[in-house]
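In what follows, a single structure is set out as structure tokens and then discussed.
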Amino acid sequence: MTLLVTVFAAIICTVKWYSNAPDDPMKLGTLCLMYWGASIMWFVDAVVEYAELGAGFFMQSGSEMLNDLYLGLSVVALGLIIWLVILFIKDPKGIIRSVLSKQS
């Protein structure tokens, strides 16, 4: 389930990034790389787990699937938080800079 959640997030992010290419003012490319990296990590984890368990890999209980879903959503949320921090630091549109200069 973690693999599915991160792959869907990566695909959605990549489509949005590609529709705005070559301009990337919101740094969506960074978010795409984080999601694709997480997807590759979960894919490798699934391959190793399948190699260990065999067909038992597909016999998960409902609580295990729910835990995997929560973990996948947590990874997506953490990626969004990291992306927002990067976006606020880079401030591509200068919005934070202008707000801070008005207060000074």
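What shape does the chain have by the C-alpha gyration tensor, where a ≥ b ≥ c are the square roots of the eigenvalues, rounded means a/c under 1.5, and otherwise prolate means a/b greater than b/c and oblate the rest? It comes out prolate by the Cα gyration axes. Relative to the dominant Cα principal axis of the chain, helix 2-20 is inclined by about 30°.
Listed values for segment 21-38 are Karplus-derived 3J(HN,Hα) couplings in whole Hz (6.51 cos²θ - 1.76 cosθ + 1.60, θ = phi - 60°), namely 5, x, 6, 9, x, 8, 6, 5, x, 5, 5, 4, 5, 5, 5, 5, x, 5, and x replaces Gly and Pro. Apolar share of the accessible surface for the chain: 72 percent from carbon plus sulfur atoms, 1.4 Å probe. At a probe radius of 1.4 angstrom, the accessible area of segment 21-95 per residue rounds to 68 square angstrom. Per-residue extension of 0.36 nm, minus the Cα-Cα distance of K16 and L4, leaves a gain of 2.5 nm for this segment.
Counted over all Cα-Cα pairs of segment 40-82, pairs farther apart than 13 Å make up 65 percent. Please give the calculated 222 nm ellipticity per residue for the chain, where each DSSP H segment of at least 4 residues contributes -39500 (n - 2.57) and the sum is spread over every residue; nearest 500 deg cm²/dmol? Here the helix-only value at 222 nm equals -27500 deg cm²/dmol.
The values are calculated or read from the model by the stated rules, or taken from the named source; none is laboratory data. All values derive from a computational prediction rather than experimental measurement. The accessibility values were calculated without ligands, DNA or RNA, using every heavy atom of the protein model including side chains. Shrake-Rupley method; radii C 1.70, N 1.55, O 1.52, S 1.80 Å.
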